[in-house]
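Structure record follows, encoded as structure tokens.
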Protein chains: 4
Amino acid sequence: MNSKVTRVCILGAGRVAKVHANSLTNYIPNASLVALVDPVEETLAATADQFGVDQRFSSLQECLDHCDFDAVVITTPTFTHQPLGVTAATAGKHIFLEKPMALNLEDCDAITNAARKNGVFLQLGFMRRFDPEFVAAAERIQNGEIGQPMLIKSLTHGPGLPPAWARDLKTSNGNLAEVNSHDWDCVRWLMGSNYERVYVEVANFKGKSRGVETANFYDNALVNIRFENCGLGSISSICPCDYGYDARVEIVGEKGIMQIGELKGQAILVCTNRDQGLISPIYRTWPSRFEWGYIREMKHFVECIQTGTEPKVGASEGKWAVAGVLAATRSFLEERPVYLKEVY
Amino acid sequence: MNSKVTRVCILGAGRVAKVHANSLTNYIPNASLVALVDPVEETLAATADQFGVDQRFSSLQECLDHCDFDAVVITTPTFTHQPLGVTAATAGKHIFLEKPMALNLEDCDAITNAARKNGVFLQLGFMRRFDPEFVAAAERIQNGEIGQPMLIKSLTHGPGLPPAWARDLKTSNGNLAEVNSHDWDCVRWLMGSNYERVYVEVANFKGKSRGVETANFYDNALVNIRFENCGLGSISSICPCDYGYDARVEIVGEKGIMQIGELKGQAILVCTNRDQGLISPIYRTWPSRFEWGYIREMKHFVECIQTGTEPKVGASEGKWAVAGVLAATRSFLEERPVYLKEVY
Amino acid sequence: MNSKVTRVCILGAGRVAKVHANSLTNYIPNASLVALVDPVEETLAATADQFGVDQRFSSLQECLDHCDFDAVVITTPTFTHQPLGVTAATAGKHIFLEKPMALNLEDCDAITNAARKNGVFLQLGFMRRFDPEFVAAAERIQNGEIGQPMLIKSLTHGPGLPPAWARDLKTSNGNLAEVNSHDWDCVRWLMGSNYERVYVEVANFKGKSRGVETANFYDNALVNIRFENCGLGSISSICPCDYGYDARVEIVGEKGIMQIGELKGQAILVCTNRDQGLISPIYRTWPSRFEWGYIREMKHFVECIQTGTEPKVGASEGKWAVAGVLAATRSFLEERPVYLKEVY
Amino acid sequence: MNSKVTRVCILGAGRVAKVHANSLTNYIPNASLVALVDPVEETLAATADQFGVDQRFSSLQECLDHCDFDAVVITTPTFTHQPLGVTAATAGKHIFLEKPMALNLEDCDAITNAARKNGVFLQLGFMRRFDPEFVAAAERIQNGEIGQPMLIKSLTHGPGLPPAWARDLKTSNGNLAEVNSHDWDCVRWLMGSNYERVYVEVANFKGKSRGVETANFYDNALVNIRFENCGLGSISSICPCDYGYDARVEIVGEKGIMQIGELKGQAILVCTNRDQGLISPIYRTWPSRFEWGYIREMKHFVECIQTGTEPKVGASEGKWAVAGVLAATRSFLEERPVYLKEVY
């Protein structure tokens, strides 16, 4: 019955753009996806057709010139986040920004300052903060159910080889940023403390056979974290892992242990061959694992705009995740533990 | 972007009405909940307020006289389904009808005929047919993954004591209808065959301590089914079971076994005391267990109306479930196996 | 350090005989497997060789004539239990008797009386009574953890086609006896009440394709039980089920639900293909499912002999299981509920 | 039927001694526990009484002087392993040695050389190598089921505060040795490669509240390993964790993921309160988690002695685990990654 409708323009028309387009079109009555921007004509047409979006542009500026809307959802490659974010903010558009926030802390600050100066909201795409299981778990931890957290392990293993720009430390910060930004955010959130120092080992098992010859490419990384509150943490990154999409957290507090998430997807168990064993589905992809999280984070963004409330995941969360990645990258390049204060 | 909006009136303002109101209001952009009907003023006001519905009436007729809309969602007690369904159909409104369809087969036919005669759609509220797990399981069975089904067990155990009208065989058909209609539908759907005969044992463990003195009240029932294709089936009914909401199916085919659903709710596991053990959440209620199913069945209803497509769960499914219940009730009253042809 | 050694003779040298031979030889220091009896020379030689048993006989009488020992373990087909049991008892040997106890209640009584008259112990091979999980579950139920049991479901599905004598109601009581004796015992044990009446549906899905033309053969059976305490029960029997060995119990009491056992065998989970899903082992056979139960029941038998204590599972448990089977068989043949008092 | 009996003397009469005494007395027919040695009279008497051992001594030398036997099982504190091992070997006794092998590599070599020189077998107490799940998992990995291992995580969290000597780096190597020796062995075994370098973070959360003021005490440790084959590894150590005994491994190979072990103990699931949720047992202690492993490792030791076969887990495995611990300890003390070649 809400008479206000928030008009949204999505920048980028790729995979995550479709996820957000689906939320806006099919699950959020008080939002309207009014425009789509992508420089690649084919991609733009396909996604716009799928969601019935009439207004299609090859650049944000073109869109700003011809179209009226309230907010942007930025799903383009990381190195474009700073210019697009600043432009959108300057034009007075609220910003939903996919992770990682930016390539470096200066870019994070530029986006943050532009948003603040122009009085627009900035929400980061950390959908785990809206996943019903992660939300319930966080509340239970904060309520003291497992006591003071001592050790947290978070993993994200993704199935397929990332695009070329995301494998190259010159154009991205590699898998630790592109795949594991969520882990960086989650361990900080659930531990309730900032990283103090990190140590990272990386490995490259599949690069050669997949034709990746980029310098410093890694497909496995194992991060060891010391938090400011003396807690310990681990992030593991494997991409491509091929076996499915895998995102789980295990956290031990002074009083007990908690596991969040599991490998199993749908609660269907089948056995047709005792030599093979029992089979249940695994989550194949991140959109299926975090189906609710994606819908809820976008509902939150629209609601914040309509009620004038600050989104609960913003610039600070985005910047800390980038800082963790920068320290981690320096660690494996220099083969030593790196303090956050060296980069932050 | 859909310019068509289907206007819906919900009859009844109780618990399941709120579930459907939530779907229509928060998750279905091309539908609009325009009116609410309930004879109990307080209930009507509370639910209407919660979902921002302005048009409120104490009867369907009053609503028809003063309000313009396309479809009704009937959530009132079973014994009202026949008159309300016939009235709505006669007024040309599409009908979404909660289970059980009606008290007897004559009433089922009356509703069905009225809908057919007036060219309106009739969809039954069997949300398990829209639950992602049940849907995937049914497809896999139909694809032959476990071979020809031989034996199916379905259970629904509900936490709390049903209302007085639902406990009395004179005003309802008891738990086997009010709680287990979904099981009757599911075993027929997944077995791919109609019931041939049923045998039922019932028990009354908690009635006395809860102050229920209704004749023939039972809180436990165990149904044994022979299907026309020689398959065997079991439905177990416990209400109030107190421990949570529990809905699971296990089916064995010539090639293997399949389990659908599990006791566990959220994938959060906690242990804080080795003498107590590991704890994970259980589904507390049916709205939380079938959150997606409720949204998707209503999306389907709206889409059928907008595209002129027959809903995939309708009169036939509703009537068979009622027939099963009638044979089952006769079985435990007469202490013998009862053939469906005796009641159908 | 125990100086007493109980000398045991096993009658029958087949599959379950090997299980007991393994327990006696490898896991019970104060017992000695001194003789093996089987009329089939090849079977006898193979098993005797495997366990290093020197004294080998083709009949119990021959063994009694030439060999000194304290106890027999009877693993031969059911129709031989009465003569072998009576002979062994008359010779003063303690008896460990595999399930089912006998073909009928008269034979049960004959064995029981012979044992009593000759002052020897009689233990029935209900190994689930010694399985750590079933034992712990039974204790917890008896301690009131789930309240008064209301409804119990027990299933045993076995992988392969039973031998010809076990499929024929003339020489055995079919799968309900040969496969499901354990369920009959368990539901009575855990419900804490005797059966009052039973109703059974059976089906024959695989007989034809496996070349079984025996009259009244069934490979699926679903038993509905009313207990004397008004509790309800279900036993499901599928053999051959092909997919593995499956033995589980679910019991709902006034306060809650308990599940005993699960499909999963070893705690190893593997995923190598997201289209296939997660795989964990299933129990392939009953010896692997009840590895501990088989060892512990035999330890109990030896300990009872050495300490002069009555075994905790004996004649009464054996006879009740047979009675249940007899009533069940009459039920499906006569297509009606059958009271235990009609057969007991 | 085995006429050979291996006579065993256990050194130490504490908790793990009882576990081995149980295996030898109750599950291994061809072994005999003939003597027990412990300097603490009360401990000695209690354990000897429990297992019916008549010959009791306060020192190994005394035992050697007065008793005839074939093998020792050394369960005493780590700092005694070198003198006891060398003495036993010199006396021609086969040695089953509990982990950790010794305090340093020199002591490892001394024991190894004494055994070799005197022609006695030396088996290390790495019972996970005999646990049915770990054994099956290792075989499946070696068969290539998950491809070349890339990343392995192993954890052991123990419930209670270790004894004073085991908390002090001067008398032991702390939890990483006393609790996690098994992890050091397992990651090397399952990865199929030696450690190249390690980096460790430690934390002390509970020491103060438990009255531990020992310098460098830690109750949490997180080890990051690079293997010689470029694989990555993690060991997590928490003791006291209070919530139970927890030992699990997760390993990702080029083709897939494998999990070994789970938090859940017995397959019993109970729910009596929907606000509390589902409850299943956790492993409370290491003897219950590795019940089969303890029996099987001791059966293996006895069989090796009787057949003259080298035990499959010996000096090399013991020494590598000690080396890992030494590098790890240096890492957290010096706050840098440490290469194994620095200590080995």
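Laboratory data are not the source of any read-out in this text; all were calculated from the coordinates shown. Every value quoted in this text rests on a predicted model; they were computed, and no experiment measured them. Neighbour counts run over all protein chains shown; Cβ positions are idealised from the backbone, glycine included.
Observations
- Checked against a 20 Å cut-off, the cross-linked pairs A:K153/C:K264; A:K99/A:K170; C:K117/C:K319; B:K18/B:K99; A:K255/B:K264; C:K99/C:K299 give Cα-Cα distances beyond that limit for A:K153/C:K264; A:K255/B:K264.
- Computed on region D:161-243, the Cα convex hull volume stands at 94 Å³ per residue.
- Computed magnitude of the charge dipole of region C:139-249 (debye, nearest 20; Cβ of K, R +1, Cβ of D, E -1): 200
- Diffusion coefficient of the protein assembly as shown by Stokes-Einstein, Kirkwood radius over Cα pairs, 10 °C, 1.306 mPa s: 46 µm²/s.
- GNM flexibility winner over chain B from B:R128, B:R210, B:R188 (Cα, springs under 10 Å): B:R210
- Distances between copies at B:E303, taken between label points 7 Å from Cα along the C-beta direction, are 2.6, 5.9, 6.2 nm in increasing order.
- On full extension, the segment bounded by C:Q148 and C:D68 gains 23.9 nm, given 0.36 nm per residue less the C-alpha separation.
- Each of C:V249, A:V135 has some number of other Cβ atoms within 10 Å of its Cβ, and from fewest to most they run A:V135, C:V249.
- Label points for C:E335 are taken 7 Å from Cα along Cα→Cβ. From this copy to the others they lie 2.1, 8.3, 8.5 nm apart, shortest first.
- Counting every other Cβ atom within 10 Å of each residue's Cβ, A:L176, B:L269 order from fewest to most as B:L269, A:L176.
- Under 14 Å from the Cα of C:K208 - aspartates and glutamates, other chains or at least 8 residues apart: B:E254, C:D219
- The Rg/Rh ratio for region C:1-83 is 0.95, where Rg is the radius of gyration of the alpha carbons and Rh is the Kirkwood radius.
- Projected onto planes of every orientation and averaged, the convex hull of the alpha-carbon atoms in region D:43-140 covers 7.8 nm².
- Residue of D:D65, D:D185, D:D54 that the Gaussian network model of chain D assigns the largest fluctuation, springs spanning Cα pairs under 10 Å: D:D65
- Stokes-Einstein translational diffusion, chain C - Kirkwood Rh over all Cα pairs, 1.002 mPa s, 20 °C, in µm²/s: 103
- Compactness index (Cα Rg / 2.2 N^0.38 Å), region B:80-134: 1.16
- Of D:F290, C:F51, the sequence from fewest to most neighbouring Cβ atoms within 10 angstrom is C:F51, D:F290.
- Of all DSSP-defined beta bridges confined to the protein assembly as shown, some 55% are antiparallel rather than parallel.
- Residue ranges D:10-18, C:270-278 sort as D:10-18, C:270-278 when ordered by packing (mean number of other C-beta atoms within 10 Å per residue, highest first).
- Chain B, rotation onto D, residue closest to that axis via Cβ, with its distance in Å: B:I279, 3
- Each other copy places its own label point for C:A215 at 4.5, 8.9, 9.2 nm from this one, sorted shortest first, where the point lies 7 Å along the Cα-to-beta carbon line.
- Per-residue Karplus couplings for region B:257-273, computed as 6.51 cos²θ - 1.76 cosθ + 1.60 with θ equal to phi - 60°, are listed in order as 10, 9, 10, 10, x, 8, 4, 4, x, 4, 7, 10, 10, 9, 9, 10, 7 Hz, Gly and Pro entered as x.
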